[in-house]
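The structure under discussion appears below in the form of structure tokens.
The values are calculated or read from the model by the stated rules, or taken from the named source; none is laboratory data. All values reported here derive from a predicted model rather than from experimental measurement. Methodologically, a virtual Cβ is constructed for each residue, glycine included, from the backbone with ideal geometry; neighbour enumeration extends over all protein chains shown. The area values use the complete protein model at the heavy-atom level, side chains included, leaving out ligands, DNA and RNA. Shrake-Rupley method; radii C 1.70, N 1.55, O 1.52, S 1.80 Å.
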Amino acid sequence: MESTVEFENFKKKGSFIRNVKKSSQLYAFIFLAFLSVFVFAYIPMYGILMGFQNFSAPRGIWGSEWVGFRHFEAFFNSHFFWQIMRNTIFLSLYQIVAAFPMPIILALAFNEAKDGFFKKFTQTVTYAPHFISIVVMTGMIISFLTPEGLINNLLGIVGISPTNFLSLPGWFPSVYVWSGIWQSTGWGTVIYLAALAGVDPTLHEAAIVDGASRMKRMWHINLPAIKPTIVVLLILSFGSIMTNGFERIILLQTPLNLTTSRVISTYVFEVGIEGGRFSFATAVGLFNSVINAGLLIVVNYISKKVSGSGLW
């Protein structure tokens, strides 16, 4: 009996080696990808040890004093803690509610539009902002929103006095979210259009024979077809709910709107890079990553229970 098991294991090992030799080029690509992730993503993770130390550059990570959870406690007791958490969660939820449906709606509209100049022109116009750098895009937004900018000039035509939008904390969330929608919605439709391309045309033909309108075909054929894609992207969105777009926030941030624009990512930059408190910033960043990982697991579990679809 034991010899039979050993023989089967030997056969499996031999077949694995033959498969590797047969597909050596594919395994080489996999190995390079694994090596890249390991070197640039996993090896640097030893730096999280700084969050439990009073890091000293001359002593290095292994020679610095260990302080346990002192930096985490300092962050939780900070008078900025609840403000930062509120801003981070509010901006993320606002972005999910306002921005997440936009690529879906646009993809469904493009899918139903007839091929021609108007469709190509519209797709080009909506895709173009994605290829503009965030710095240039933010500069455009700032110039639009200054008291002498385009928006205030248009408002002045109808008799509304100029407003410096970026100096008002209440306006920052909307400026941040809708500028992101402008820049990313067109590109986000590509994923859904790819999913819609896999819909069987005979389903639409049968629905047309049965008298289904375009709206009903969109609702009962196209939406169910892209449902798994929607679920996966929604899970990923909730999994990064504690992570906001650092570049756009820091570029739109001013001393007058800090009460609504200071989030975890900008706070880490503020205390870590500008303030030189590397251990404290590492602890805050680690807290953020742990929360994101936990949310990803929870949302994926709920999605599997409710819709049957998930990341794993």
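Loop-located chymotrypsin sites (Phe, Trp or Tyr not before Pro) across the range 139-201 with a Cβ neighbour count of 16 or fewer within 10 Å are lacking, with loop assigned by DSSP.
Semi-axes of the equivalent ellipsoid for the range 92-195, computed as √(5λ) from the eigenvalues of its C-alpha gyration tensor and ordered from largest down, come to 29, 16, 13 Å. Over all Cα atoms in the range 239-293, the spread is summed up by Rg and Dmax: 11.3, 33 Å. Seen through its C-alpha gyration tensor, with square-root eigenvalues sorted a ≥ b ≥ c, the range 177-312 comes out prolate because a/c lies at 1.5 or above while a/b is bigger than b/c. On the chain, 70 percent of the accessible area sits on carbon and sulfur atoms, based on a 1.4 Å probe. Please work out whether the range 1-160 counts as rounded, prolate or oblate from its C-alpha gyration tensor, where a ≥ b ≥ c are the square roots of the eigenvalues and a/c under 1.5 means rounded, while otherwise a/b larger than b/c means prolate and anything else oblate? Oblate, since a/c reaches 1.5 and b/c is not below a/b.
In terms of accessible area, using a 1.4 Å probe and ignoring ligands and nucleic acids, His71, His220 rank largest first as His220, His71.
Report the equivalent ellipsoid semi-axes for the range 200-243 in whole Å, largest first, defined as the square roots of five times the eigenvalues of the gyration tensor built from alpha carbon atoms. All intermediate terms of the calculation are to be shown ahead of the outcome.
Details: eigenvalues 205, 17, 4 Å².
Whole-Å semi-axes of the equivalent ellipsoid: 32, 9, 5.
For the pair Thr122 and Ala109 in one chain, pulling the backbone fully straight at 0.36 nm per residue adds 3.6 nm over the alpha carbon distance.
Placing a label point 7 Å from the Cα of Ile208 along the Cα-to-Cβ direction, the residues of the range 83-118 with a backbone N closer than 18 Å are 109-116.
Of the residues Ser24, Ser213, Ser237, the one that moves most in a GNM of the chain with alpha-carbon contacts below 10 Å is Ser24. By the Stokes-Einstein formula, at 1.002 mPa s and 20 °C, the chain with its Kirkwood radius over alpha-carbon pairs has D equal to 89 µm²/s.
Taken one residue at a time, the phi angles of the range 104-110 give Karplus couplings (6.51, -1.76, 1.60, θ = phi - 60°) of 5, 4, 5, 5, 4, 5, 5 Hz. Gly and Pro are set to x. Per residue, the accessible area of the chain comes to 62 Å² when a 1.4 Å probe rolls over the protein heavy atoms.
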